[in-house]
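The block underneath contains the structure these notes are about, expressed in structure tokens.
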Amino acid sequence: MGFETKSNKRNKEHCQLTKGKHTNSNSFPNTTATISANSSLRTSRRRNRKMAMTPVQRLFETCKGVFSSGGPGIVPSPESIDKLRVILDDFKPGDVGLTPNMPYFSPTIGRRTPAITYLHLYECDQFSIGIFCLPPSGVLPLHNHPGMTVFSKLLFGTLHIKSYDWVADAPCVPAMTNSEGKQPDFRLAKLKVDSDFTAPCNTSILYPSDGGNLHCFTAVTQCAVLDVLGPPYSDPDGRHCMYYYDFPYTKFSVNGLSVPEEEEEGYAWLQEREKPEDLAVVGALYRGPPIVEK
Ligand SMILES: [Fe+2]
């Protein structure tokens, strides 16, 4: 019905006025209102993006900052180390889509040493992120991390970690030459860690010359270890992954070198070796929440 009441007319005028307000971009007060609305929209979008950022994306973004000015032998600042440590301390298996009942963690039938699966998440010149999946009794033999800072977070399981640091300026013991030629020398190292760790536990951090730069992982139960390396291994740049045997300190007696008897167990002689023949590390596709490079 086309009957126009006073009230309807008022409403119509109000509607037209409102419409005019929104379309009149030259009106100063209304521009302010628009800017203010846009700005709060942007803030809210930023907040939502931040809230929506997955833990693995947050880890990636933090690594970018922490290792941006890194390089071999360069340790990030204590503030940067803490930033990354806090994120990793909080990390859960579900954050990377892992559960202990996945096939990666099942004992390998027919193999004396269970195969270990490596899930590659990301690598650039500055850092790498990956996960080692170890079935029970899986072993990552004693190996080094030349010039690197390494964060290892046990996501689940019980893992035995044995680690060493080189003793600075310690003498080497020359090895015998056998039928295969000159063998690598024995070099003195100090034991840093020799313990079981059960998740949830804090992140282990090793540095180029301390913190247990050489380590061996033995899975007591099925385990997942998230590793962040800065910088990563690089054969062209001479950062090779080397493997070692360890021998008790008492294997050799060296003139001028003495350690109190009660501390002898805290030292060992390490000798470089070939990559163990029974070590099988198999790459698999990471299927957890993605890392998005912006
Ligand atoms: Fe390692």
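General remarks:
- Over the range 55-284, Cα pairs under 8 Å with separation of 6+ residues give a relative contact order of 27 percent.
- Above-threshold pairs, the threshold being 27 Å between Cα atoms, out of LYS83/LYS275; LYS64/LYS92; LYS153/LYS182: LYS83/LYS275; LYS153/LYS182
- For the range 55-284, convex hull of alpha carbons as volume per residue, Å³: 143
- Gap separating the Cα centres of the range 149-225 and the range 250-284, nearest whole Å: 9
- Tensor-based shape of the range 112-211 (alpha-carbon gyration tensor, a/c under 1.5 rounded, otherwise prolate or oblate): prolate
- Cα point-scatterer Debye curve for the range 154-294, base-10 log of I(q)/I(0) at q = 0.12, 0.21 Å⁻¹: -0.64, -1.52
- Neighbour net charge for SER209 - beta-carbon separation under 15 angstrom, K R +1, D E -1: +1
- In terms of overall dimensions, the range 47-124 has a Cα radius of gyration and Dmax of 16.5, 52 angstrom.
- Farthest toward positive dipole pole in the range 55-284 [+1 Lys/Arg, -1 Asp/Glu at C-beta], among THR99, LEU159, HIS145: THR99
Each value in this text was obtained by applying a stated rule to the coordinates, not by laboratory testing. Since we're looking at a predicted model, the values are computed, not measured. Every residue, glycine among them, receives a Cβ derived from its backbone with ideal geometry; neighbour counts consider all protein chains shown.
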